[in-house]
Amino acid sequence: MSGDATDLGLRQEPRRFGGGRLAFFGGLQRVSAALGGRAFYRAAFLAPGRFRVRHETVITPGLAPELEAFRIVQLSDPHAGPFLGRGDLSAVVEACNALDPDLVVLTGDLITKRAEESYLLLEDLAGLRARRGSFGVFGNHDYRGRREREIAARFEAEAGLRFLLDESVRFGEGPGAVALVGLEDLEEAKQVDLQRARHAVRAGDVEVVLCHNPAGGPALAAAGCALVLSGHSHGHQIDLPLVRRLAPAHPGDRVERDGAVLLTSRGLGALGVPLRLRSPAEIVVVDLSRGGGERAR
Ligand SMILES: [Fe+2]
Ligand SMILES: [Fe+2]
């Protein structure tokens, strides 16, 4: 898929598996679910103390002084479905709220296979509390059935979570405000329009981009963004050499490039089997700082 004038070459070719491999993983998923995969996954990876709370500080010297220690908590890739359902994110939501965030962001892949699975998350995500609100983008899985507008409307109405579909919002007044930009998925959206997405961004803003696929990071860094938050890779989920190539490429937890910081979350959910190995489920806590030893939170 080639880029056009507005996506700045961000588009990615969708990964497609052949019918045999899809049938194999579908069967594995059904058997794992029938054997109690969901209860196992919740106890092993989503119970208090079983997921990682990963702290990152990002130095953004242009940040307005009154926004020092602006805190963003990122959730990603819950993949509701056979291994994650209603109530399974309760401990995660509780941990998020205890971090007292300015923003909570969800970086896509709400579902496993069916659009309706996203609604399994409504109740849990409605419990998120952030001073300046909860925002999200969709991942490649979320375009199944092309119902993303309907899903976005329902999450905004029932969970107070607003999806940014090539849109942006700005926090703070004047120079050094935080501009949050949400991009449509680079593989599955009909269009990715960075120019349109940046409509609220002003010169001198600290631009934070939600981009499900970490492959977009380098182009976004080159385009002047300060921070890009991604998911999609699951940190390979089962991080063993032979299994690694089945999952999307994981560029690393934190990459610094062209003055930008690119953070990729390992996410919360699982695909194929209710297991993670050397890749814990995680939430990522990002504190923005002007640097120079200002007040820590
Ligand atoms: Fe994912
Ligand atoms: Fe994904």
**OP:** Counting only C-alpha contacts under 8 Å and six or more residues apart, can you give the relative contact order of the chain as a whole percent?
**Re:** 25
**OP:** Choose one of L161, A80, A23: the residue whose Cα lies farthest towards the positive end of the charge dipole of the chain (beta-carbon charges +1 Lys, Arg; -1 Asp, Glu; about the Cα centre).
**Re:** A23
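Calculate, for I59 and A23, the FRET efficiency according to 1/(1 + (r/R0)^6) with r their C-beta to C-beta distance and R0 45 Å; round to the nearest 0.05. Numbers along the way, then the final one.
Details: r = 48 Å, r/R0 = 1.07.
Efficiency at R0 = 45 Å is approximately 0.40.
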**OP:** Quote to one decimal, in nm, the extra length available between E66 and R132 on full extension: 0.36 nm per residue of separation minus the C-alpha distance between them.
**Re:** 22.3 nm
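Mind putting a number on the dipole of the chain about its Cα centre? Charges go on the C-beta only, +1 for Lys and Arg and -1 for Asp and Glu, and I need it in Debye to the nearest 20. Walk me through the numbers on the way to the answer.
Values: 38 positive and 38 negative charges, 196 e Å.
The dipole of the chain has a size of about 940 debye.
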Subject >> Estimated FRET transfer efficiency (L246, S90; beta-carbon r; R0 25 Å; 0.05) >> reply: 0.25
Original post:
If you plug each phi of the range 185-198 into the Karplus form 6.51 cos²θ - 1.76 cosθ + 1.60 with θ = phi - 60°, what whole-Hz ³J(HN,Hα) values come out, in order, with x for Gly and Pro?
Top reply: 5, 6, 8, 10, 5, 5, 8, 10, 10, 5, 4, 5, 4, 8
Original post:
Going by the alpha-carbon gyration tensor, a ≥ b ≥ c the square roots of its eigenvalues, is the range 1-158 rounded (a/c under 1.5) or, if a/c is not under 1.5, prolate (a/b greater than b/c) versus oblate?
Top reply: oblate
Original post:
So, in nm, how far is label E256 from label A157 when the simple model puts each one 7 Å beyond its Cα toward the Cβ?
Top reply: 4.6
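Report the convex hull volume per residue for the chain, counting only C-alpha atoms, in Å³. Display every interim value, and only then the final one.
Working: hull volume 37.0 nm³, N = 297.
So the per-residue hull volume is 125 Å³.
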Subject >> Charge dipole of the range 171-297 about the Cα centre (unit charges at C-beta), most positive-ward option of P175, A222, G252 >> reply: G252
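How would you classify the range 150-297 from its alpha-carbon gyration tensor, with a ≥ b ≥ c the square roots of the eigenvalues: rounded for a/c under 1.5, else prolate if a/b is greater than b/c, otherwise oblate? List each step's numbers first, then the result.
Working: a/c = 1.73, a/b = 1.36, b/c = 1.26.
Taking the square roots of the gyration eigenvalues as a ≥ b ≥ c, the range 150-297 is prolate.
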Subject >> Chain lengthening between L277 and A222 when straightened (0.36 nm per residue, less Cα-Cα) >> reply: 16.5 nm
Subject >> FRET efficiency for L35 and R147, using Cβ-Cβ distance with R0 set to 35 Å, rounded to 0.05 >> reply: 0.70
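Please report, in debye to the nearest 20, how large the charge dipole of the range 42-127 is about its Cα centre when each Lys and Arg carries +1 at its beta carbon and each Asp and Glu carries -1 there.
Numbers: 8 positive and 13 negative charges, 82 e Å.
Dipole magnitude for the range 42-127 comes out near 400 debye.
Just so you know, all these numbers are worked out from the coordinates, no wet-lab data involved. Just so you know, these numbers come straight off a predicted model, no measurement behind them. Using ideal geometry, Cβ is built from the backbone for each residue, glycine included, and neighbour counts are taken over all protein chains shown.
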